[in-house]
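Throughout, read-outs are computed from the coordinates displayed, never taken from laboratory work. Small disclaimer: the values here were computed from a predicted structure and weren't measured. Quick reminder, even Gly has a Cβ in these numbers, built from the backbone with ideal geometry, and neighbours come from all protein chains shown.
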């Protein structure tokens, strides 16, 4: 795989499928009912036992068998079978492929104005030898254009330049609109607006509690 290239859809979906299968949360339709091991990282699946002992206790237990069907796979709705996908799917086609594995029960769309995003990214400067990062809007160096520790010159990465990010944001918006419409039709889309994580996080946590916290 070329450096900087996007990971192919097939590889991402395979990693997701394997991870869910190894945990006993997903299996091929008609396959062996998975077993999990208490105090063991791993699971019994159709591919065999994968485990790494954590402690001396080694107790086997069945995941409840309330399995639902989705395409060629069956999945459990047990509360322990919870996961988050960050940044995937990126477009409608990927979402449709993911639907064939397991349906999503909540999709969060975090919206920040483009000018805020551009301001943060395009004002980012880096001391390349150390990786120290500055931002002229909220974390400026003590001396403009100089690293606080060494006094050496700061540089801006090519992919942080305004023209690069304007093109990226346009491409993202074009790809994400059909994706959002896909999940909106399924009734699982929730949108939160904010200019920073300080604004978005409390709204996100509050909504999460409403939906999933035990009563």
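Using only the alpha-carbon atoms of segment 116-178, report the extent along each of the three principal axes, biggest first, to the nearest angstrom.
47, 21, 16
Describe numerically, in nm with one decimal, the distance between label points set 7 Å from Cα along Cα→Cβ at residue 173 and at residue 108.
That separation, rounded to one decimal, is 2.4 nm.
Between residue 181 and residue 208, take the C-beta separation as r, use R0 = 22 Å, and let me know the FRET efficiency to the nearest 0.05.
0.40
Fully extended, how many nm does the chain gain between residue 85 and residue 116 (0.36 nm per residue separation, minus their Cα-Cα distance)?
Difference between extended and current length: 8.7 nm.
Let me see the pair-distance distribution of segment 104-215: every alpha carbon pair, 10 Å bin width, integer percents in order.
So the P(r) values, bin by bin, are 12, 30, 29, 20, 9, 1.
From the square roots a ≥ b ≥ c of the eigenvalues of the alpha-carbon gyration tensor of segment 152-215, which class results: rounded (a/c under 1.5), prolate (a/b over b/c), or oblate?
oblate
What does the highest-first list of 124-131, 22-29 look like by mean Cβ count within 10 Å?
So the order, starting with the most tightly packed, is 22-29, 124-131.
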